[in-house]
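See below for the structure under consideration.
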Amino acid sequence: MTSHEWWHNADLRMATAVGDGWRLFNDLYLRAQTDADLLALTRRTRLAQSLTHAARTEHFAPHLGGRQITADNAEATLAALPVLEKDVLRHTPEAITTGLVDPWDVLKVRTSGTTGEPVWIIHDDTKLTESTAANLRMLDAYGLQPGLRVIRATADLRHGLVDYETMPFFGQATVLQVNMSTATPGDAAFLTRLCAEFKPDVLWGQPVEILLAALRQNEGTIDFPKFKAVLTHGDSLDARARATIADVFGCPHYDLYGLQEFGRVGWECPQSPGTYHIDEERVSIDVQGDGQVLITSLTNTAMSLLRYRPGDGGELLTEPCPCGRPHVRLTKIEGRKRALVADADGQLVNIKPLRLILEVQPLHRWQVRQNEAGCLDVLIAPESPADGDELARDLYAALKNTMRLRELTVRPVELAELTTASGKAPLFQLLATQEALSAAVVDNATSW
C-alpha cells in the first residue's frame, strides 16, 4: 500500500513521537527507576537489537556478521567490538548507516565541533520518543511539571533580543528566549516586566550563558523572578561556576550531560550532586582504563553508534545511589568547555557565527585566539597549503562582519602548530571562560 505524502510530514511525526514518549514514560521509564530487573532486561534486549542492526553496516559487519546475537550474550559481544572513533563519522558516515530508515524520515543533527571538526548524525523517530520519556522522568525528579515555562539564556548575535518557542519533547515546555549579549541597561524595564509576566519555572542555558545572565542581573540589565531551578547543559562545569550559579540565583541547580550523537546521556541526581544518572534505557556507557568515556546507542536504528568515543572523560559509579535509582552514574566529567568572544565594545557573544563560517572551509584545522577584547587571531591550516594566502583573504572578508572587532588577523600556519599529542587542540582560546565570568560576577573583575 502506498503511504499518503503526509506520512513524511515532520510536524505530524513530531506529535506522534511525543505522544508515544508520554506512554513510554509511564510504561517503562517510570517503572525502571525502581525496578532494577526491568532496567537490566530492557538494556540487554535493546542492545541485542542494536547489535543486530549494526551487523548490516559496512563498518561493523566484519565483526558481527553471521553471529547469533541474543540478550544473554549482547554485553559480551559489545565489549569485543573495537572503539568507534569520530573519524569514521567524519569521513565515512555511510559505513555505519543501517539503511533501515527512509531518508525522508531521518532526523539530522550536527555535533558542536568545539574540540574537533563537526560531524552530521542521523537519528530515527525514537530520538524524540525516548527523549520525551526520559525528560518527563527527569522533570519529575526535579519537582517540575509538564507545561513548565522556561527562560532560555542565549548569547548569539543572530538571535533577536527576545523570542518564543515550544519544546514538545521537553515536558511540553513554553520557552522565552532572552539574548544576554544584546541586552542593555536601556532594556531593563522591558525585560524585567516581560520575565515577570512570563512566570518562569526554570532558567536554562550553557554554563557561560547562565553566567552571563548572572552578570547581566548584577549590572541591573535584567531582574529575574525567582526560579524553581536552573538547568545547565552542553559543557563541563568547573567548581567556581557551580558555586556562582547557586549563589546568584538562590535555587537548585542541576546539570545535564549530553551529546548531539545521542541526545541527553545523563542528568544530575538531586540527592547526589555531581553524579549523573545515565539513561540506560537508551544508552550504554563504559569507561576505559584511561578514563575515556565510551557510549553506545540502544535505540537509534538509523545509525549504529557502538562503543563511540566522544573525547570526554569521567568515572563510572555502579554502587547504589542514595536516591534509590538503579541506574549507573557518571561523575568527574571532563569534556568541552566553551567560552564567549569579547568584541570591541566589551560585549560578550557566542562563538557560533565564527564557527559556522570556518567549519565549511577546506581546512585541516583552525583555531581562534583572543588575548584582548575586540581582537581575534585566526590560524588556519589549509588542505592545500598553496591556497593559504587566498583563503586567508576570503576568510578575513567573511569574518570581519560577524561582530564588532578592532583587529582581525587570519593567517595560514602548518598543521603541526594546531595539533596536540592527542591529535587535536581546542578550536577556541578565549578570554570569557567560565572561570573569568565567575570572577566578573562575584568579584566584579573582568579580564576583557
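In whole Å, what is the distance between the alpha-carbon centres of the stretch 172-199 and the stretch 4-59? When both Cα centres are located, 36 Å separates them.
Across 289, 374, 266, mean-square fluctuation computed from a Gaussian network of the chain (C-alpha pairs under 10 Å connected) peaks at 289.
For the peptides 411-417, 343-349, the ranking by packing is 343-349, 411-417, with the highest mean count of neighbouring Cβ atoms within 10 Å listed first.
Largest GNM mean-square fluctuation among 17, 76, 339, using the chain with Cα springs under 10 Å: 76. When you count the other C-beta atoms within 10 angstrom of each residue and take the mean per peptide, 128-135, 237-244 line up highest first as 128-135, 237-244. When you count the other C-beta atoms within 10 angstrom of each residue and take the mean per peptide, 30-36, 361-367 line up highest first as 361-367, 30-36. According to the Kirkwood relation over distinct C-alpha pairs, the hydrodynamic radius of the chain is 23.4 Å.
Quickly estimate the mean residue ellipticity at 222 nm for the chain, helices only: each DSSP H run with n ≥ 4 gives -39500 (n - 2.57), and the total goes over all residues, rounded to 500.
Details: 12 runs with 130 residues, N = 448.
One gets -8500 deg cm²/dmol as the mean residue ellipticity at 222 nm.
Annotation: amide H of residue 229 within the under-5 Å range of 203, sequence separation 5 or more or interchain, hydrogens built in the peptide plane.
Over the chain, what is the percentage of antiparallel beta bridges among all DSSP beta bridges, to the nearest 5? Numbers along the way, then the final one.
Working: 42 of 67 bridges.
About 65 percent, rounded to the nearest 5.
Taking the chain as a Gaussian network of alpha-carbon nodes connected by springs under 10 Å, the highest mean-square fluctuation of the residues 380, 357, 285 belongs to 357.
Computed from the coordinates by the stated procedures, all read-outs in this text should not be read as laboratory data. Note that the structure is predicted; figures quoted are calculated from it, not measured. Glycine also receives a Cβ, built like all others from the backbone with ideal geometry; neighbour counts cover every protein chain displayed.
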